[in-house]
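*Asks:* After the structure tokens below, expect a handful of questions from me.
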Amino acid sequence: MTSLTIHDHPSPNFGARRGGVRPDMVVLHYTAMALAHEACARLCAPEFEVSAHYLIDETGSIYRLVDENDRAWHAGAGQWGDVTDVNSHSIGIELSNTGTTPFAAAQMNALEALLADILARHAIAPERVIGHSDMAPSRKIDPGARFDWRRLARQGLSVWPEERCVSEVCQASFDAALDAFGYAPCQTPDARLKAFRDRFRGCDDGPLDGYDVAMAQNLAARFPVDRRDVNT
């Protein structure tokens, strides 16, 4: 695995984590910009009021923009499990990518090294490494269908369904499984299906099918979201 070298490039866009919570999830993003230095400038510009804890460029260079102890402004409105203030509960990682091209090998190597370090230090379970689209499927599509989630799962840095057996096509069963895995029930069914497929089926299209149901049920059984009494 790639050794971890981090360059500090402080952003003024951060605040205190609300309620004194500590990071218990990681949210992955892409920048949707052509050049990493342009994305870095935006993430550090006060007028845009957006940031992340880390930015990884295509060469694998890692930039720390916000200290992990602080609350970066990367997630916005959304929910995972019972957590609605995702910014306070998470560490945000931006990957320099337009969303239309594969992620560079050096970039993925650096991400794996950074994730392994973060998960170990904060005792974060791999199922709590999610995409922006997972917590806000009606609003966001990153890190997108080109992102290799299965690669992360092989390293124990995310999760993947064990099997793809076909189950009965049942919207209620699929919805219940997504709820149990962590997707917020307040999102539209179409948005949740697209976010799920972008992550686990890579651009498969069409109506809900038995593979979707089986995969969602497998994930829900193995990785039920940690329900907690939270007001944030």
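*Asks:* Using only Cα atoms, tell me the angle between helix 171-181 and the longest principal axis of the chain; keep it within 0 to 90° and round to the nearest 10.
*Replies:* Helix 171-181 and the main axis of the chain meet at about 40 degrees.
*Asks:* In addition: Computed on alpha carbon atoms, what radius of gyration and Dmax characterise the chain, expressed in Å?
*Replies:* 16.9, 51
*Asks:* Per the Kirkwood treatment, what hydrodynamic radius in Å, one decimal, follows for the range 96-212 from the mean inverse distance over all distinct Cα pairs? Write down the numbers at each step before the final one.
*Replies:* Values: mean 1/r = 0.0659 Å⁻¹.
Kirkwood radius, the range 96-212: 15.2 Å.
*Asks:* Highest GNM mean-square fluctuation, the chain, Cα pairs closer than 10 Å: which of V83, V50, V169?
*Replies:* The residue that fluctuates most here is V169.
*Asks:* Could you work out how far apart the two model spin labels at V169 and T98 are, taking each label as a point 7 Å from the Cα in the direction of the beta carbon, and quote it in nm?
*Replies:* 3.5 nm
*Asks:* To continue, here is another question. Working out 0.36 nm times the residue gap between S61 and D148, then minus their Cα-Cα distance, what length gain in nm do you get to one decimal? The partial results should precede the final answer.
*Replies:* Working: separation 87, 0.36 × 87 = 31.32 nm, distance 1.88 nm.
The S61-D148 span can extend by a further 29.4 nm.
*Asks:* Measuring from centroid to centroid over Cα atoms, what is the spacing of the range 29-61 and the range 98-167 in Å?
*Replies:* Taking the Cα centre of the range 98-167 as reference, the centre of the range 29-61 is 18 Å away.
*Asks:* Once the piece of chain linking H7 and R121 is laid out straight, how much longer is it, given 0.36 nm per residue of separation minus the C-alpha distance between them?
*Replies:* Numbers: separation 114, 0.36 × 114 = 41.04 nm, distance 1.88 nm.
Residue separation times 0.36 nm, minus the Cα-Cα distance, leaves 39.2 nm.
*Asks:* Given an 8 Å cut-off on Cα distances and at least 6 residues of separation, report the relative contact order of the range 170-232 as a percent. Please list the in-between numbers first.
*Replies:* Values: 38 pairs, mean separation 32.5, N = 63.
52 percent.
*Asks:* So, with +1 on the Cβ of K and R and -1 on the Cβ of D and E, and no other charges, what is the size of the charge dipole of the chain about its Cα centre, to the nearest 20 debye? Before the final figure, lay out the partial values.
*Replies:* Working: 23 positive and 32 negative charges, 40 e Å.
That gives a dipole near 200 debye.
*Asks:* If you don't mind, another one. Take the alpha carbon gyration tensor of the range 130-194, find the square roots of its eigenvalues, order them as a ≥ b ≥ c, and report rounded if a/c is under 1.5; if not, report prolate when a/b exceeds b/c, else oblate. Could the numbers behind the result be given before it?
*Replies:* On the way: a/c = 1.97, a/b = 1.15, b/c = 1.71.
Judged from the Cα gyration tensor, the range 130-194 comes out oblate (a/c at least 1.5, b/c at or above a/b).
*Asks:* Of the options P189, Q107, A41, report the single residue whose Cα projects farthest towards the positive end of the charge dipole of the chain (beta-carbon charges: Lys, Arg +1; Asp, Glu -1).
*Replies:* The listed residue farthest towards the positive side: Q107.
*Asks:* Between helix 210-222 and the chain, what is the angle of the helix's C-alpha long axis to the longest principal axis, kept within 0 to 90° and rounded to the nearest 10?
*Replies:* 60 degrees
*Asks:* For the chain, report the accessible area per residue in Å² (1.4 Å probe, heavy atoms, rounded to an integer). Kindly include the intermediate steps, with their values, before the conclusion.
*Replies:* On the way: 10000 Å² over 232 residues.
Computed with neighbouring chains in place, this is 43 Å² per residue.
*Asks:* Give the carbon-plus-sulfur fraction of the accessible surface of the range 1-158 in %, rounded to a whole number; probe 1.4 Å, heavy atoms of protein chains only. Mind dumping the intermediate values first?
*Replies:* Details: 3220 of 6290 Å².
Reported share for carbon and sulfur atoms: 51 percent.
The values are calculated or read from the model by the stated rules, or taken from the named source; none is laboratory data. A quick note: this is a predicted structure, and the numbers were derived from the prediction, not measured. Glycine gets a Cβ as well: all are built from the backbone with ideal geometry, and neighbour counts include every protein chain shown. These area figures cover heavy atoms from the full protein model, side chains too; ligands, DNA and RNA do not enter into them. Shrake-Rupley method; radii C 1.70, N 1.55, O 1.52, S 1.80 Å.
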